[in-house]
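Participant: Below: one structure in structure tokens.
The values are calculated or read from the model by the stated rules, or taken from the named source; none is laboratory data. What you see is a predicted model; the values in this text were computed from it and never measured. Cβ: placed from backbone, ideal geometry, glycine included. Neighbour counts: every protein chain shown. Surface areas here come from the heavy atoms of the whole protein model, side chains and all, with no ligands, DNA or RNA. Shrake-Rupley method; radii C 1.70, N 1.55, O 1.52, S 1.80 Å.
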Amino acid sequence: MRAGILKHKIDLQSHEDVQDPVTGEITEIWETQASVWAEVAPLSGREFIAANAIQSEIRVRITIRYRDDVNSDWRILFRGQIYNIAAILPDLWSGLDYLTLPCTEGVNNG
């Protein structure tokens with residue numbers, strides 16, 4: 001993979017549920033695990049009606065150098081937008097060169 005196409009800086013974030021010791025309330029906290037260079041390519045967008053409200057969803061493909069710690073429960077923060085990781089796909093040749101992350105934005109955490 002040529003480094004020149006990895007021109008976008010993204011944050012890989014994992015979540016943790018933290019319980020308040022006083023109130024017992026559980027809060028979801030997102031913590032940045034790594035900031036890496038990536039290629040972010042928009043694929044498609046759509047609007048639909050759910051719960052009597054118009055919702056929108058944007059699909060993107062994010063490509064990063066191979067990492068063995070990426071989890072599909074994580075999310076990606078890019079230019080203030082949150083993207084949910086739908087799958088983790090290794091490269092076709094060695095499986096250890098790069099990862100392709102199909103992602104969505106706009107429906108839940110993203």
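Participant: With the other protein chains left in place, how much accessible area per residue, in square angstrom, belongs to the stretch 6-103 at a 1.4 angstrom probe?
Facilitator: Per-residue accessible area for the stretch 6-103 comes out at 65 Å².
Participant: Between GLN19 and GLU57, 0.36 nm times their residue separation minus their Cα-Cα distance comes to what?
Facilitator: Using 0.36 nm per residue and subtracting the Cα-Cα distance, I get 10.6 nm.
Participant: Label ASP91 and TYR66 with points 7 Å out from Cα along Cα→Cβ: what is the distance between them in nm?
Facilitator: Rounded to a tenth, the inter-label distance reads 0.8 nm.
Participant: Further question: What are the residues whose amide H is under 5 Å from the amide H of GLN33, where those residues sit 5 or more places off or on another chain and H is modelled from the backbone?
Facilitator: LEU12, GLN13, SER14
Participant: Something else about it: What's the local net charge at THR100, with K and R +1, D and E -1, over the other residues with C-beta under 14 Å away?
Facilitator: Result for the local shell: +1.
Participant: Label-point separation (nm) for SER35 and HIS8, each offset 7 Å from Cα along Cα-to-Cβ?
Facilitator: Between SER35 and HIS8, the simple spin-label model gives 1.7 nm.
Participant: If contacts are Cα pairs under 8 angstrom and at least 6 residues apart, what is the relative contact order of the stretch 6-103 in percent?
Facilitator: 25 percent
Participant: Given the options ALA41, GLY80, ILE58, identify the residue whose Cα lies farthest towards the positive end of the charge dipole of the stretch 6-103 (+1 on Cβ of Lys, Arg; -1 on Cβ of Asp, Glu).
Facilitator: After comparing all options, I get ALA41.
Participant: Taking H as built 1.01 Å from N, whose amide H comes closer than 5 Å to the amide H of TYR66, not counting residues under 5 places away?
Facilitator: Answer set, sorted by chain and number: TYR98, LEU99.
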